[in-house]
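Colleague: Shown below is the structure under consideration.
The values are calculated or read from the model by the stated rules, or taken from the named source; none is laboratory data. On a predicted model such as this, the values are computed, not experimentally measured, just so you know. When we count neighbours, we look across all protein chains shown, and the Cβ atoms used for this are built from the backbone with ideal geometry, even at glycine.
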Amino acid sequence: MRKLAGDFEKPIAEIEDQLEQLSALPPTEEVTEKLEGLKKKLRKVCQEVYSHLKPWERYLVARHPERPYTLDFILLLFEDFVEMHGDRKFSDDHSIVGGLACYKGEPIVVVGHEKGRNTREKIYRNFGMAQPEGYRKALRIMRLAEKFHRPVITFIDTSGAYPGIGAEERGQAEAIAFNLREMSRLQTPIIVVVTGEGGSGGALAIGVGDRILMLEFAVYSVISPEGCAAILWKNQEKKEEAAENLKVSAHDLKRFNLIDEIVPEPLGGAHRDHTEAARILDEHLYRNLQELKEVPINDLLKQRYDKFRRMGVFEKEIR
Amino acid sequence: MEWFKKKRKPREPIGERRLKVPDGLWLKCENCQAIVYKEEILRNSKVCPKCNYHFRISAQDRLRALFDDGKYEIIDDNIRSCDPLMFKDTKKYKERLKESEEKTGFSEAVVTAVGEVGKIPVIISAMEYNFMGGSMGSVVGEKITRAIELALERRMPLIVVCSSGGARMQEGVFSLMQMAKISSALARLDEAGIPYISILADPTTGGVAASFGMLGDLNISEPKALVGFAGPRVIEQTIHQELPPGFQRAEFLLEHGMIDMIVERKELKSVLVNCLRFMTPNQ
């Protein structure tokens, strides 16, 4: 049985179970008929459940252990991936992967957070929480893209930059700040895809680009709902309320003009069908890449500046 | 045997009782607990004369202390925060804004002013920690970006005095994106060869440290200021260990190569004038 994102997925899981049992039976006419009926019902229930997700439930989907991660997308979208390692300063951070790849015959550079699927992998990947060397590695790889005039594609999926003693010693704040500044003037097109969890500065540190795409059930936030609840409500249990207040869904961000496009997910979320999720993303990615390639680099940099320059809302006081 | 049952009030701990002082004349140093005559602290740039602890000071005090003769002109004071997320925790965001405004007399957590430092025309943006923990929302982001753009336009050096807990949660992703907005503007300032000095006052953490805080041509910190990305409590909860003494203090950052120097408040202006002379064309 598939792992549940949360209790809200129970009605879906029940039907999926029945389907599984039925499909093990010999395919008599009666069984096939029942199967068809169940499949219809499954679609309906999926639709129903996933169109009414609460903000906190979106977090659970975005953090689903079977959600496609950066390496899954790389495998499904690109060919000839050559992974690069290390920041040339301190070490190799396994929570960020990156390197050279071929996208529909065209060389590109790809960088993204990697969370790791099982316990061993998760520890190896530090749960996708990068340290300064991770961000420095990311920038080093992106600089290579600039040097050889190749576009950059980044995948964001992290709960945040790692809060640890070593990370602070080696300048977590400086590493993030430096990436923000340098990505804003990197002389090559950058497409950012928020695939899962967009956790604060640790996400933004590879998130400055010309186009920002976001998967339908991904989230992007200034702080995790748990962290926000602990600070403002002084109670971590208020995370659901915090998630509601923070407005983290792709639809919210699109409404606020903070992202460019929402990438739809297969029915019932990307964790149900990696291939289909990658296929839909492919369409969006390819179109955006072709558009960006047409723009002269100076215009591109100006547009990138203006894009972030516009972000923010305030009132002008009339005196 | 009545007296056996007689309840006695527990004695007040002596330490507490001794430290109670009437408001006004005397101040207790938060660091060394010494009781110091308030006038003495004020005369000493709000630094404890006993242990050299730097009290947090308001944005106004900052500007007065840094500009020549305490003279400056406040600019960009006409934008206010609104509440795009309709955020409500235990209190409404709008209420928190109003309270902060009443408490500090400032309309936001940063004040930008133009004036002269050592006769060199300079723009200074000073953050106000008492305004919602100096947190950065759209207005702070916009005001600092405008300060950078003004510095570009007039080719004037920019100094930002940071004092902030980080991004303002009540404005969600809008706050987060201010980090990218300001850092992009700083890239232009960098390319134009205009000096930017970041002064890290206690405390500078989160999204402020991880954007304009650490991007100065010079990063200067006040003694013992807390500077870092994650707050110490978050780190403690994550790694389940006690943090080493002095962790994330200015001295720790200097040791690890993250800042250029630690400068005492009394010396700050003269150090700035020296550096600005180096960074601006010969007069």
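Colleague: Hey, can you tell me all the residues within segment A:292-308 that are free of Cβ contacts under 8 Å to residues at least 60 places away in the same chain and either surrounded by 12 or more Cβ atoms within 10 Å (Cβ to Cβ) or not polar (S, T, N, Q) (or both)?
Modeller: A:Glu294, A:Pro296, A:Asp299, A:Lys302, A:Asp306
Residue by residue, here is whether (1) in contact with a Leu (Cβ under 6 Å, 6 or more places away or on another chain); (2) within 25 Å of B:Gln237 (Cβ to Cβ); (3) not hydrophobic (A, V, I, L, M, F, W, C) holds:
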site	(1), (2), (3)
A:Arg211	no, no, yes
A:Ser224	no, yes, yes
A:Trp233	no, yes, no
A:Gln236	no, yes, yes
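Colleague: Let me ask you something else. Quick one: count up the residues across segment B:188-221 that are closer than 21 Å to A:Leu258 by Cα and surrounded by fewer than 24 Cβ atoms within 10 Å (Cβ to Cβ).
Modeller: Result for segment B:188-221: 0.
This table checks each residue for (1) of a type in the set (Asp, Glu); (2) over 16 Å from the mean Cα position of the chain (by Cα); (3) at pLDDT below 95.
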site: B:Glu128; (1), (2), (3): yes, no, no
site: B:Val139; (1), (2), (3): no, yes, no
site: B:Glu142; (1), (2), (3): yes, yes, no
site: B:Arg154; (1), (2), (3): no, yes, no
site: B:Lys181; (1), (2), (3): no, yes, no
site: B:Ala185; (1), (2), (3): no, yes, no
site: B:Ile194; (1), (2), (3): no, yes, no
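Colleague: Let me ask something additional. Does segment B:82-92 contain at least one residue that is within 19 Å of the chain's Cα centre (by Cα) and among the β-branched types (Val, Ile, Thr)?
Modeller: Within segment B:82-92, not a single residue is within 19 Å of the chain's Cα centre (by Cα) and among the β-branched types (Val, Ile, Thr).
Colleague: Further, regarding this structure: Among what's in segment B:145-157 and is in contact with a helix residue (DSSP H, G or I) (Cβ under 6 Å, 6 or more places away or on another chain) and within 11 Å of chain A (Cβ to nearest Cβ), pick the residue that is nearest to B:Glu102 (Cα to Cα).
Modeller: Only one residue tops the list, namely B:Thr145.
Colleague: Let me ask something else. Just the residues that are part of a helix (DSSP H, G or I), within 8 Å of chain B (Cβ to nearest Cβ) and either farther than 16 Å from B:Glu171 by Cβ or modelled with pLDDT of 95 or more (or both), please, taken from segment A:204-237.
Modeller: Hits for segment A:204-237 are A:Leu204, A:Trp233.
Colleague: Now, a different point. Restrict the check to segment B:252-269 and report whether at least one residue is closer than 24 Å to B:Met177 by Cβ and within 14 Å of chain A (Cβ to nearest Cβ).
Modeller: No, segment B:252-269 contains no residue that is closer than 24 Å to B:Met177 by Cβ and within 14 Å of chain A (Cβ to nearest Cβ).
Colleague: Is one or more of the residues making up segment B:44-59 at pLDDT 90 or above, in a loop (DSSP other than H, G, I, E, B), of a type in the set (A, V, I, L, M) and under 30 Å from B:Gly141 (Cα atoms)?
Modeller: Checked against the condition, which is being at pLDDT 90 or above, in a loop (DSSP other than H, G, I, E, B), of a type in the set (A, V, I, L, M) and under 30 Å from B:Gly141 (Cα atoms), segment B:44-59 yields at least one hit.
Per-residue answers, yes or no, for (1) farther than 20 Å from B:Gln178 by Cβ; (2) not charged (D, E, K, R):
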| residue | (1), (2) |
| --- | --- |
| A:Ser95 | yes, yes |
| A:Gly128 | yes, yes |
| A:Arg136 | yes, no |
| A:Ile141 | yes, yes |
| A:Gly164 | yes, yes |
| A:Ile191 | yes, yes |
| A:Val194 | no, yes |
| A:Leu204 | no, yes |
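Colleague: Only one of B:Ala126, B:Ala113 is more than 18 Å from B:Val271 (Cβ to Cβ) and touching a Leu at 6+ places or on another chain (Cβ under 6 Å). Can you tell me which?
Modeller: B:Ala113
Colleague: Can you spot a residue in segment A:36-47 that is under 30 Å from A:Glu244 (Cβ atoms), surrounded by 15 or more Cβ atoms within 10 Å (Cβ to Cβ) and touching a Lys or Arg at 6+ places or on another chain (Cβ under 9 Å)?
Modeller: Within segment A:36-47 (the criterion being under 30 Å from A:Glu244 (Cβ atoms), surrounded by 15 or more Cβ atoms within 10 Å (Cβ to Cβ) and touching a Lys or Arg at 6+ places or on another chain (Cβ under 9 Å)), the answer is yes, since at least one residue qualifies.
Colleague: Just for segment B:158-173: of the residues that are surrounded by 24 or more Cβ atoms within 10 Å (Cβ to Cβ) and not aliphatic (A, V, I, L, M), which one is nearest to the other protein chains (Cβ to nearest Cβ)?
Modeller: Step by step, filter segment B:158-173, then rank; the result is B:Gly172.
Colleague: What are the residues in segment B:220-251 that are within 15 Å of the chain's Cα centre (by Cα), part of a loop (DSSP other than H, G, I, E, B) and more than 9 Å from chain A (Cβ to nearest Cβ), if any?
Modeller: Passing the criteria: B:Glu222, B:Pro223, B:Lys224, B:Ala225.
Colleague: Consider segment B:98-114. How many of its residues are closer than 25 Å to A:Asn257 by Cα and within 11 Å of chain A (Cβ to nearest Cβ)?
Modeller: Qualifying residue count for the region: 1.
Colleague: Do we have any residue at all in segment A:187-195 that's surrounded by fewer than 24 Cβ atoms within 10 Å (Cβ to Cβ) and assigned to a loop (DSSP other than H, G, I, E, B)?
Modeller: The answer is yes; a qualifying residue exists.
Colleague: To continue, here is another question. Can you name the condition, by its number, that B:Ser135 falls short on among (1) out of contact with any Phe, Trp or Tyr (no Cβ under 7 Å at 6 or more places or on another chain); (2) of a type in the set (Ser, Thr, Tyr); (3) away from every other protein chain (no Cβ under 12 Å)?
Modeller: (3)
Colleague: Can you tell which of A:Thr158, A:Thr70 is within 30 Å of B:Leu200 (Cα to Cα), under 19 Å from the mean Cα position of the chain (by Cα) and either outside the structural domain of A:Val295 (by TED's automatic domain parsing) or among the hydroxyl-bearing types (Ser, Thr, Tyr) (or both)?
Modeller: A:Thr158 is the lone residue from the list that is within 30 Å of B:Leu200 (Cα to Cα), under 19 Å from the mean Cα position of the chain (by Cα) and either outside the structural domain of A:Val295 (by TED's automatic domain parsing) or among the hydroxyl-bearing types (Ser, Thr, Tyr) (or both).
Colleague: Mind listing just one residue for me: the one in segment A:234-243 that is in contact (Cβ under 8 Å) with a residue 60 or more places away in the chain and crowded, with 17+ Cβ neighbours inside 10 Å and, of those, farthest from A:Met311 (Cα to Cα)?
Modeller: Among residues in segment A:234-243 that are in contact (Cβ under 8 Å) with a residue 60 or more places away in the chain and crowded, with 17+ Cβ neighbours inside 10 Å, the one farthest from A:Met311 (Cα to Cα) is A:Lys239.
Colleague: Moving to a separate point now. Just give me the residues in segment A:248-257 being outside any helix (DSSP H, G or I) and surrounded by fewer than 23 Cβ atoms within 10 Å (Cβ to Cβ), in sequence order.
Modeller: A:Phe256, A:Asn257, listed by residue number.
Colleague: Output the number of the condition that B:Arg96 fails; it satisfies all remaining conditions of (1) farther than 22 Å from B:Ala201 by Cβ; (2) part of a loop (DSSP other than H, G, I, E, B); (3) touching a residue at least 60 places away in the same chain (Cβ under 8 Å).
Modeller: The single condition B:Arg96 does not satisfy is (2).
Colleague: Kindly indicate which of A:Ala177, A:Ala173, A:Ala167, A:Ala161 is at the interface with chain B (Cβ under 8 Å from one of its Cβ atoms), among the small types (Gly, Ala, Ser), assigned to a loop (DSSP other than H, G, I, E, B) and farther than 19 Å from A:Leu71 by Cβ.
Modeller: A:Ala161
Colleague: Which of the residues that make up segment A:274-319 are more than 12 Å from every other protein chain (Cβ to nearest Cβ), out of contact with any helix residue (DSSP H, G or I) (no Cβ under 9 Å at 6 or more places or on another chain) and not in a helix (DSSP H, G or I)?
Modeller: A:Glu294, A:Pro296
Colleague: Within segment B:211-219, is even one residue of a type outside the set (Asp, Glu), more than 8 Å from every other protein chain (Cβ to nearest Cβ) and over 14 Å from the mean Cα position of the chain (by Cα)?
Modeller: Yes, segment B:211-219 has at least one match.
Colleague: Need the failing condition index for B:Ser135 against (1) within 30 Å of A:Met129 (Cβ to Cβ); (2) surrounded by fewer than 23 Cβ atoms within 10 Å (Cβ to Cβ), just the number.
Modeller: Only one criterion in (1) within 30 Å of A:Met129 (Cβ to Cβ); (2) surrounded by fewer than 23 Cβ atoms within 10 Å (Cβ to Cβ) is unmet by B:Ser135, namely (2).
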